[in-house]
Amino acid sequence: MTTLAPVPRTTSVAGPPARSRDLFAAEWIKTRSLRSTPWTIALTVLFVIGSAAVASMTDDATVPGPAGFRHYDAYPPAGYWTLILIASSMGALGVVSEYGSGLIRVTTVAVPARGSVVLAKAAVTAVLWTAVGTIASLGSFLVSQAVLAGRHAAVPITHPGVFRAVAASALLAPVCALVGLGLGVLLRHAAATMVTGVFVLLMLPTMFAESDRWSADVKHALVSAAWKRLIETWEPDPASLAYTATVSGSWIVYALWPLLTVALAVLVVRRRDV
Amino acid sequence: MIEVNELTKRYGGKTAVDQLSFTVRPGRVTGFLGPNGAGKSTTLRMILGLDAPTAGTATVGGVPFRSHPRGLRHVGALLDAGQVHGGRSAVAHLSALARSNGIPRRRVDDVLHEVGLAEAANRRIGGFSLGMKQRLGVATALLGDPPVLMFDEPVNGMDPEGVLWVRRLFRRLAAEGRTVFLSSHLMSEMENTADDLVVIGRGRLIAAEPLRDFAARGTRRGVVVGTPRAAELAAALTAAGASVEPEGSADTERLVVTGLPADRIGALAFEKGIRLDELTTRTASLESAFMELTADSTEYQAGQAR
C-alpha cells in the first residue's frame, strides 16, 4: 500500500466564542468598504438641509404675535420624503445586493446562525442611519432657524414641541432604513423591494384621508403620517372635523414598523432555503 | 468527514436529489462527479445547511453544519466564485468574513498570499478575472483553517498555471489530513487529483469508490477493428475464442473485440486474407467509464431525444 495514512489534525477547531459584537463589526466593515456609502450619505444630508434652507428662504408669510415653530420650513416634505426614499432603499440594498450576487450564501456558510446575521445588519443600519438622521434633522433645524431669525420668526430648540420634531425627524431615517432592510430580506429582489418600500412608506399614506374614522386610522398607522404628526407642535383644532393622530400613537407606529418587519425577516430567514 | 444519509430534495414535483448516501473521508481528495443538472450543487448546499433536505440527513464531523453558530473553522467552501460584491476590495471581503468568525486580521493577509492575490488585495473585486475570483474563493475557504473543504467546480476559468496550482493545493490539504470534496463535471480533472469518487446522475448515486476501481469499470476495453468483411472476420475471431460485438448499430463495419490482443487479431486477419482498415487497442479510461455509467442519467442531452 502506498496510500498515506491520514494525518491527524492538531489545530483546534474550537476558536473563540461566537460573539454578536464580531458580527456587528463584520457588517460594519461591509458597509464601510463600499465607496457608494459615504457619497450617498453626504449627498442626502446636503439635499435635506438644503431643502430646509430653500423652504425657509422662500417663506414670506408674516404671522402676527409671537413666533411659532414653522415645521414646514425646518422639515419640508420635499427633503424628508427624499430622505425616506433613500434611507429605505439603502437599508434594503444592504441585504438585496447579497441575495442578488449570491454573497448571502458565503455569509451564511461563515455564519450559519442566520437570524443573528439579520440582527447584526439591522443594528449597523440603525446606528448608521440614526447618525445620518440626527445630522440631517439638527442641520435642517439650525439652518432654517438661522434664515428665519432674519425675519424674527425663529424659535429655540427649547420651544414647546420643537425637540420632539427634531427627534422624530432624526429617527425617520433609521425607521425607514430598517423597514427597507426587513422588506429586502423578505422579498430579496431589488426592484420589488424598492417599489414596495416606496409604496408603503410614501404612496400609501396619500391614499387615505382623515375625514373618516377608518381611513384616518389606516393613515395614522403609516410611518410618514406618524412623522408628520410628530413634527407638528400645535394641538388639533377642536372645531376641526378631521381625525388627528395622537402623539403617543405616532411614536408607537414609529417603533412597530421596524420591529415587525425585522422580526418577520428573522423568522422567515431561518426557515427559508438560502 | 462528511456523511450523507438518504438525502432527498424535491422542488415541487421534481426530485433534484434522490435518497443519496455516501461518506467523504478525511486525508483524501474525493471527487463529486455528475453531468450538468445531476444535483451536485444542491447536495453541496444541503451539506452546508443552506437548503433544507426534504428527507434524510447530512452531517459534517458528525453534526449538521447548521448547528454551528459560526462556520469558517469547521468547513471552508467555494460554491461559486461570483458570490462576491464587486464594489469591495479582496481585503475588505475577507476581513468582514474573518471578523464575523473571530479570526485574526493577519490571517487575511496569509490566505491572500497563499492564493497569489497579495498584489491585488486592495483592488475592487469587480475588476477581477474569473480565475482571480476563483482564487479569492479558495482564499475564503482557507480562511478558518478548517478540517473540511468543499469546492464546486473550482478550476472553471483558471489558466493552466492556476489549474496546476489548485491541484497541488488540494493534494496538500488532503495530505494534511483534511477532508477535501470537489465537484466537477470534468472527468479529466478528477483523474489528476482525486483519490475517491462519488458519481451521481439525476440525483441518484451511481458509484462511490476509489478512483482506480471506478476507472476499471469502463467496460469498453478491447480492440476496435475496422474491416469491409466484418461478418467473415467476426466468425473467425469467435472461432479463435474472442467475443465480438459490432460497435454501435449492427450494420457498421467496425467490431469491438475482447479476449484477443491486437497482434493476434492482425495475424488472424492476415491468414484469412481480410483487409483491415483500423486496429486500435482501447484502454479503460475514467472518461469512458463516466460516460457509460451516466449515459442513462444525463439530464440535458444534445441532439435527438432518446
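The values are calculated or read from the model by the stated rules, or taken from the named source; none is laboratory data. Note that the structure is a prediction, hence the values are computed from the model and not measured. So basically every Cβ, Gly included, is an ideal-geometry build from the backbone, and we count neighbours across all protein chains shown. Ligands, DNA and RNA are excluded from the accessible area calculation, which covers all protein heavy atoms including side chains. Shrake-Rupley method; radii C 1.70, N 1.55, O 1.52, S 1.80 Å.
Pick from A:142, A:172, A:178: which is open to solvent by 50 Å² or more (accessible area, probe 1.4 Å), outside any loop (DSSP other than H, G, I, E, B) and of a type in the set (A, V, I, L, M)? On inspection, the qualifying residue turns out to be A:142. If you go through segment A:211-223 and keep only what is out of contact with any Pro (no Cβ under 6 Å at 6 or more places or on another chain), without any contact (Cβ under 8 Å) to a residue 60 or more places away in the chain and in a helix (DSSP H, G or I), you end up with A:213, A:214, A:215, A:216, A:217, A:218, A:220. Could you look through segment B:156-178, keep only residues that are more than 21 Å from residue B:79 (Cα to Cα) and within 14 Å of chain A (Cβ to nearest Cβ), and pick out the one that is least open to solvent (accessible area, probe 1.4 Å)? Checked segment B:156-178; the qualifying residue least open to solvent (accessible area, probe 1.4 Å) is B:177. The set of residues from segment B:179-192 being surrounded by 24 or more Cβ atoms within 10 Å (Cβ to Cβ) and not in a strand (DSSP E or B) comprises just one member, B:190.
In segment B:212-241, which residue that is crowded, with 18+ Cβ neighbours inside 10 Å, on the phi < 0 side of the Ramachandran plot and outside any helix (DSSP H, G or I) is farthest from the chain's Cα centre (by Cα)? Only one residue fits best here, namely B:227. Residues that are assigned to a loop (DSSP other than H, G, I, E, B), over 16 Å from residue B:180 (Cβ atoms), of a type in the set (A, V, I, L, M, F, W, C) and modelled with pLDDT under 95 within segment B:123-160 comprise just one, B:158. Here residue B:209 meets the list (1) assigned to a helix (DSSP H, G or I); (2) at pLDDT 85 or above almost entirely, failing just condition (1). Within segment B:33-45, the residues that satisfy the criterion of being at pLDDT 95 or above and open to solvent by less than 10 Å² (accessible area, probe 1.4 Å) are B:43, B:44. Scanning segment A:86-106 for any residue that is in a loop (DSSP other than H, G, I, E, B) and not polar (S, T, N, Q) turns up at least one such residue. Note on segment A:251-274: among residues that are open to solvent by less than 30 Å² (accessible area, probe 1.4 Å) and in contact (Cβ under 8 Å) with a residue 40 or more places away in the chain, the one that is farthest from residue A:172 (Cα to Cα) is A:274. From the list A:245, A:239, the one residue that fits, being modelled with pLDDT under 90, open to solvent by less than 20 Å² (accessible area, probe 1.4 Å), hydrophobic (A, V, I, L, M, F, W, C) and closer than 26 Å to residue A:165 by Cβ, is A:245. Residue-level check: of (1) open to solvent by 30 Å² or more (accessible area, probe 1.4 Å); (2) within 7 Å of chain A (Cβ to nearest Cβ), residue B:53 misses just (2). Taking into account only those residues within segment A:185-210 that are open to solvent by less than 40 Å² (accessible area, probe 1.4 Å) and in contact (Cβ under 8 Å) with a residue 24 or more places away in the chain, which is farthest from residue A:240 (Cα to Cα)? Ranking the qualifying residues of segment A:185-210, first place goes to A:185. Taking segment A:79-101 as the search range and keeping residues that are under 19 Å from residue B:82 (Cα atoms) and open to solvent by less than 10 Å² (accessible area, probe 1.4 Å), which one is nearest to the other protein chains (Cβ to nearest Cβ)? In this case the residue turns out to be A:98. If I ask for residues that are among the acidic types (Asp, Glu) and assigned to a strand (DSSP E or B), which ones from segment B:6-53 would you list? Scanning segment B:6-53 gives B:6, B:18.
Restrict the check to segment A:112-125 and report whether at least one residue is over 22 Å from the mean Cα position of the chain (by Cα) and either assigned to a loop (DSSP other than H, G, I, E, B) or under 25 Å from residue A:48 (Cα atoms) (or both). Yes, the conditions are met somewhere in segment A:112-125. Applying a threshold of 8 Å to beta carbon distances and a minimum spacing of six or more residues, or different chains, the list of pairs starting in segment B:29-40 at a residue that is farther than 14 Å from residue B:203 by Cβ and ending at one that is part of a loop (DSSP other than H, G, I, E, B) and open to solvent by 20 Å² or more (accessible area, probe 1.4 Å) reads B:29/B:195; B:30/B:195. For segment B:64-105, filtered to residues that are closer than 24 Å to residue B:52 by Cβ and open to solvent by 40 Å² or more (accessible area, probe 1.4 Å), the residue that is farthest from the other protein chains (Cβ to nearest Cβ) is B:64. Within segment B:106-116, does at least one residue satisfy the condition of being in contact with a Ser or Thr (Cβ under 6 Å, 6 or more places away or on another chain) and among the hydrophobic types (A, V, I, L, M, F, W, C)? Yes, there is a match, as at least one residue in segment B:106-116 is in contact with a Ser or Thr (Cβ under 6 Å, 6 or more places away or on another chain) and among the hydrophobic types (A, V, I, L, M, F, W, C). When segment A:33-78 is filtered for residues that are surrounded by fewer than 15 Cβ atoms within 10 Å (Cβ to Cβ) and within 14 Å of chain B (Cβ to nearest Cβ), the ones remaining, listed by number, are A:35, A:36, A:38, A:39. Scan segment A:30-78 for residues that are in a helix (DSSP H, G or I) and of a type outside the set (Phe, Trp, Tyr) and the total you get is 28. For segment A:13-29, residues that are in a helix (DSSP H, G or I), at the interface with chain B (Cβ under 8 Å from one of its Cβ atoms) and without any contact (Cβ under 8 Å) to a residue 60 or more places away in the chain total 3.
Checked against the criteria, residue B:285 counts as among the polar types (S, T, N, Q), surrounded by 15 or more Cβ atoms within 10 Å (Cβ to Cβ) and at pLDDT below 85.
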